[in-house]
Amino acid sequence: MFAYAGKILRVDLTTGKVSTEPLSEELAKNYIGGIGLGIRLLMDNSKPGTDPFSPDNPLIYLTGPLSGTMGPTAGNGYAVVSKSPATGGVGEAKAHGFFGAELKRAGYDAVIITGKADKLSYLWIDDDKVELRNAEHLRGKSPYQTDVAIKEELGDYYIRVSAIGEAGEKLSRIACIINDEFRAIGRTGLGAVMGSKNLKAVAVRGTHDVNVANLEGFKEFVKMIHERMKGPATKKYKTLGTPENVLVLNSLSALATRNFTNAQFEGAEKVSGEYLNEHYVKKIVGCATCGMRCDHIAAVSEGPYKGAISRLEFECLWSMGPLCGIDRLDAIIEAMRIVNEYGMDGISIGVVVAFAMDCYEHGVLTKEQTEGIDLRFGNAEALIAIIHKIGKREGWLGNVLAEGVARAAEIIGGDAYKYANHIKGLELPGYDLRTLKTAALGFSV
């Protein structure tokens with residue numbers, strides 16, 4: 001087969017056994033793309049009723065047919081599929097950057113990881129050489145610190161690493177997996193599945209070519225896509241980035257505010273993509289094979305959060321900004337930096353905090369339960385403080401909120417369920433579905 005590597009890697013963390021098997025052409029054609037193939041492999045390799053944190057729940061890394069090629073966007077992506085600890089159903093998420101291309105060039109369309117290592121470990125894939133290595137010295141480190149440490153340990157800066165932080169190690173149901181410093185397998189709690197397996201990271205180095213059937217024709221297609229990427233259709237991503245959505249959605253009464261109490265935010269101008277780019281964005285970078293450059297890296301140059309640096313996308317900005325009633329971009333950038341450090345979903349974390357703020361303002365949570373944190377909407381310092389507690393599972397409330405809003409509402413009890421915004425256990429995304437009817441239909445199913 002062209003484009004596909006034609007090989008699936010299996011790793012049993014319990015026994016240390018590593019094996020490979022061919023990817024059939026029939027399977028590849030029937031389930032095109034990483035997520036489609038991943039769901040099929042999840043169904044084939046798990047049993048009904050398996051707990052998401054069971055060693056028997058497979059964690060599956062996947063590449064798509066374009067991964068590793070010069071194709072923009074899809075050429076640099078990868079996906080992870082498993083049973084979600086947030087919903088109990090299929091969990092899937094994807095990320096871009098450089099990791100996906102490297103995994104495909106190592107020769108694999110999928111890596112099926114089962115079992116549980118007897119100590120914290122990382123998986124090292126060096127083309128055909130695959131080994132499990134000790135990662136106890138990486139315990140508690142952020143995904144980026146883990147990335148740097150593994151590259152230094154293996155002596156190659158160009159190795160690509162996909163890793164979890166402390167939240168994943170402590171099985172937070174909103175934990176994510178991060179590669180290339182800011183790129184996240186963000187949703188459905190897959191970082192917690194990785195942590196349940198005592199797997200800190202997957203590191204990969206690939207040196208194989210990824211061939212296509214008609215190279216000249218493919219090059220012409222890619223050239224056409226790049227020309228279109230220079231046009232008006234992608235203007236948002238190249239200029240203001242996805243934070244341009246802030247003012248657009250606010251004008252449509254579709255910017256959920258203060259835990260969905262309102263659909264417009266009076267402080268929208270202060271957290272808009274326009275304001276962010278004028279005052280905080282320091283550089284715009286691109287992923288492998290993509291000429292669009294949509295990564296807007298923001299930095300705080302003064303004030304209490306001076307030195308904070310983070311990539312800031314719309315939904316993360318929304319969740320820790322308008323949804324929490326906060327109109328300070330310096331605090332939101334710092335919050336996002338901390339979220340990445342612990343390895344948490346930048347959407348879910350804001351929904352969780354907004355839930356806690358709503359419970360606090362309605363008397364469902366007391367100041368004693370928050371350990372003195374004044375969890376009012378608009379309190380930026382409280383946002384920062386509670387994120388630290390959630391990331392560490394520190395204290396009663398930090399531990400409870402790390403379970404996500406659905407389970408947290410059950411544990412807190414009383415009227416807490418009234419303020420828990422989720423779909424089947426997964427925190428709502430950054431679009432007010434009361435206004436966006438078509439989106440609401442999609443999310444309902």
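The values are calculated or read from the model by the stated rules, or taken from the named source; none is laboratory data. Source: prediction; values computed, not measured. Heads up, the Cβs are rebuilt from the backbone with ideal geometry, glycines too, and the neighbour counts pull from every protein chain shown.
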(request) Taking only the stretch 182-239 into account, find how many residues are under 23 Å from Ser162 (Cβ atoms) and not charged (D, E, K, R). (result) 23
(message) Take the conditions in contact with a Lys or Arg (Cβ under 6 Å, 6 or more places away or on another chain) and buried (at least 24 other Cβ atoms within 10 Å of the Cβ) and apply them to Val204. Does it pass?
(response) yes
(request) Look at the stretch 254-274 and say how many of its residues are more than 25 Å from the chain's Cα centre (by Cα) and not small (Gly, Ala, Ser). (result) 7
(request) Please specify each residue of the stretch 85-109 satisfying the condition of being crowded, with 24+ Cβ neighbours inside 10 Å, over 14 Å from Thr63 (Cβ atoms) and in contact with a helix residue (DSSP H, G or I) (Cβ under 7 Å, 6 or more places away or on another chain). (result) Pro85, Gly91
(request) Considering every residue within the stretch 310-322, establish whether at least one is more than 21 Å from Ala382 (Cα to Cα), part of a loop (DSSP other than H, G, I, E, B), outside the structural domain of Leu103 (by TED's automatic domain parsing) and more than 20 Å from the chain's Cα centre (by Cα). (result) no
(request) Sort out which residues of the stretch 156-172 are out of contact with any Ser or Thr (no Cβ under 7 Å at 6 or more places or on another chain) and outside any loop (DSSP other than H, G, I, E, B), and write them in order of number. (result) Arg160, Ser162, Glu166, Ala167, Gly168, Glu169
(message) Please verify whether Glu166 is free of Cβ contacts under 8 Å to residues at least 40 places away in the same chain and charged (D, E, K, R), treating the condition exactly as stated.
(response) no
